[in-house]
Amino acid sequence: MSEDSDNEVGRAKTRSRAVPTGRTGRALRVAGLAGRVAGSMLAEGTRQWRAGKRPRKRDLLLTPDNARRVADQLSEMRGAAMKLGQILSMDNGEFLPRELADILARLRSEATAMPEAQLETALRSAYGKQWRREFAEFDPNPIAAASIGQVHRAVSHEGEELALKIQYPGIADSIDSDIDNIAYVLRVANVLPAHVDVGPLLEDAKRQLKDEADYLLEAGYLEDFHRVLGDDERFVLPQLHRELTRGNVLAMSYESGGPMESLARKPRAERDRVMSALVGLMVTELFDLHMVQTDPNFANYQYRYASGEIVLLDFGATRRFDEGFVDSYRELAGAAIDGDKDAMADAAEKVGYAVGDEDGEYRALLLELLLLVLEPLRHEGPYDFGASDMPARLAALAQQAATYADFWHAPPTDVVYFHRKVGGMFLLANRMDARVDANALMVERL
């Protein structure tokens with residue numbers, strides 16, 4: 001059996017648990033979670049008071065036990081509850097406490113499959129009672145499970161191996177209530193900053209997640225990426241089977257590959273090549289396509305160890321960016337590369353940041369944050385991601401920024417989604433100990 005096949009077998013070992021359906025039932029799950037977390041906080045606070053300590057509320061909330069409770073409950077609920085946790089976990093320190101991001105980071109790799117009864121419900125909804133007639137073979141064991149759906153292998157009547165992404169029942173209808181309920185719990189727990197208006201971010205998250213739950217929309221994105229990358233021999237994309245695709249089932253060709261982490265065993269030159277291709281793709285997506293697959297989950301990329309091809313999966317989190325944002329971000333990146341802070345401030349304001357008073361400490365701190373985020377672009381020559389301590393420096397600077405409560409605003413929503421992708425690329429390149437000339441890739445677009 002090939003190395004890639006071994007990895008496929010590993011991914012097939014997925015736990016099964018029913019997806020809670022119905023708004024009331026899901027709301028009660030969140031309320032129960034809040035009660036258990038509050039009880040834990042009370043018990044821990046009492047213990048520390050008796051020991052003569054004066055604990056902070058945040059310290060009581062962000063304990064290992066509560067981390068497990070939050071992650072386990074959101075993982076069980078799936079849907080927008082889990083997806084919101086994944087989105088928040090990718091925050092780079094600009095917005096949320098580092099501890100919360102660490103708690104939620106578990107959700108990027110954990111998911112639970114639905115039992116066969118719910119799978120049957122989903123397939124009947126898509127194809128009718130005789131759904132099995134649509135396929136020559138269907139494997140009821142999922143090969144992957146995520147926040148909105150799970151993936152099964154099947155074989156078409158023409159003998160082609162398929163991958164079917166099947167949406168959990170009731171997930172699309174629960175998006176609004178899930179996000180409202182989770183945000184309420186986080187706000188009551190004083191985890192979300194009281195001085196930040198997160199309303200626009202939450203409303204945008206609802207719109208984005210509704211798009212992700214529309215598999216016909218994702219089918220269109222897959223076709224768009226095929227038109228751009230179809231002739232690029234570095235990448236492999238699934239072929240859409242539109243005749244078998246429905247609003248809750250996305251049918252594609254099955255494309256084998258191993259986990260991207262297997263690239264770490266390759267020589268440096270290969271690691272550098274693959275990561276340069278992925279960073280270059282990200283730059284192309286924003287500046288050439290105005291369309292970015294914003295989910296940086298490592299599982300969305302696979303690596304064919306023998307051929308070196310990169311398999312691209314899951315286009316549900318694709319986000320379109322308007323021309324005004326792209327042009328303003330291009331100006332921001334160009335000004336950062338030139339070290340022109342006045343031009344950076346102008347571009348940051350166009351992007352949507354609140355930049356504060358001219359010559360004020362807050363503006364200087366914001367520009368320092370942006371320069372740090374864009375550091376790989378500003379570095380001439382290959383940037384050594386493996387040796388970079390940029391995340392630690394960013395976290396320290398973000399703590400300093402949090403003291404400016406009167407001025408600090410939630411980042412622009414487009415920036416949140418794009419920086420989520422940027423952060424994911426940084427983490428992957430860091431994990432691969434790769435060097436990428438991001439400056440050269442960016443200068444081509446200026």
| message | Within region 383-390, does at least one residue satisfy the condition of being modelled with pLDDT under 85 and more than 24 Å from Pro267 (Cβ to Cβ)? | response | no
| field | Sole residue being part of a helix (DSSP H, G or I) and more than 20 Å from the chain's Cα centre (by Cα), chosen from Val228, Val279 | value | Val228
| message | Quick check on Val249: is it modelled with pLDDT of 95 or more and closer than 15 Å to Gly308 by Cβ? | response | no
| request: Hey, can you tell me all the residues within region 359-402 that are part of a helix (DSSP H, G or I) and not hydrophobic (A, V, I, L, M, F, W, C)? | output: Glu361, Tyr362, Arg363, Glu368, Glu375, Pro376, Arg378, Pro391, Arg393, Gln399, Gln400
| task | Scan Leu370, Leu366, Leu397 and give me the residue that is open to solvent by less than 20 Å² (accessible area, probe 1.4 Å) and at pLDDT below 85. | result | Leu397
| field | Candidate set from region 152-187 (those that are open to solvent by 20 Å² or more (accessible area, probe 1.4 Å) and among the β-branched types (Val, Ile, Thr)); member that is modelled with the lowest pLDDT | value | Val185
| note | Checked region 341-358 for anything in a loop (DSSP other than H, G, I, E, B) and surrounded by 14 or more Cβ atoms within 10 Å (Cβ to Cβ); matches are Gly352, Tyr353, Ala354, Val355, Gly356
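Yes/no per residue for (1) surrounded by 16 or more Cβ atoms within 10 Å (Cβ to Cβ); (2) under 30 Å from Glu120 (Cα atoms):
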| position | (1), (2) |
| --- | --- |
| Asp232 | no, no |
| Pro238 | yes, yes |
| Arg242 | no, yes |
| Asp272 | yes, no |
| Met291 | yes, no |
| If Tyr254 passes every condition in (1) within 17 Å of the chain's Cα centre (by Cα); (2) open to solvent by less than 40 Å² (accessible area, probe 1.4 Å) but one, which one does it miss? | (1)
| Residues Gly308, Gly386, Gly356: which one is farther than 28 Å from Arg273 by Cα and out of contact with any Gly (no Cβ under 6 Å at 6 or more places or on another chain)? | Gly356
| query | Taking region 426-446 as the region of interest, how many residues are open to solvent by less than 40 Å² (accessible area, probe 1.4 Å), farther than 22 Å from Asp327 by Cβ and out of contact with any Gly (no Cβ under 8 Å at 6 or more places or on another chain)? | reply | 3
| message | Please go through region 310-329 and give me each residue that is more than 17 Å from Met425 (Cβ to Cβ) and buried (at least 17 other Cβ atoms within 10 Å of the Cβ), ordered by number. | response | Gly316, Phe325, Val326, Ser328
| request: Would you please name the residue that is nearest to Asp437 (Cα to Cα), looking only at residues in region 258-270 that are in a helix (DSSP H, G or I) and open to solvent by less than 10 Å² (accessible area, probe 1.4 Å)? | output: Leu263
| Residue check, Asp72 against (1) part of a helix (DSSP H, G or I); (2) of a type in the set (Asp, Glu); (3) modelled with pLDDT of 95 or more, all met but one. Which one? | (3)
| remark: Those residues of region 238-274 that are within 16 Å of Val151 (Cα to Cα) and of a type in the set (A, V, I, L, M, F, W, C) come to a total of 6
| said: For region 126-151: of the residues being within 18 Å of Ala317 (Cα to Cα) and either among the acidic types (Asp, Glu) or not in a loop (DSSP other than H, G, I, E, B) (or both), which is modelled with the highest pLDDT? | reply: Val151
| request: List every residue pair whose Cβ atoms sit under 9 Å apart, with the two residues 6 or more apart in sequence or on different chains, where the first one lies in region 249-262 and is without any contact (Cβ under 8 Å) to a residue 40 or more places away in the chain and the second, anywhere, is surrounded by 22 or more Cβ atoms within 10 Å (Cβ to Cβ) and of a type in the set (D, E, K, R). | output: none
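The values are calculated or read from the model by the stated rules, or taken from the named source; none is laboratory data. Note that this is a predicted model, so its numbers are computed, not measured. FYI the Cβ positions are ideal-geometry reconstructions off the backbone, even for glycines, and counts take in every protein chain you see. Only protein heavy atoms, including side chains, enter the accessible area calculation; ligands, DNA and RNA are left aside. Shrake-Rupley method; radii C 1.70, N 1.55, O 1.52, S 1.80 Å.
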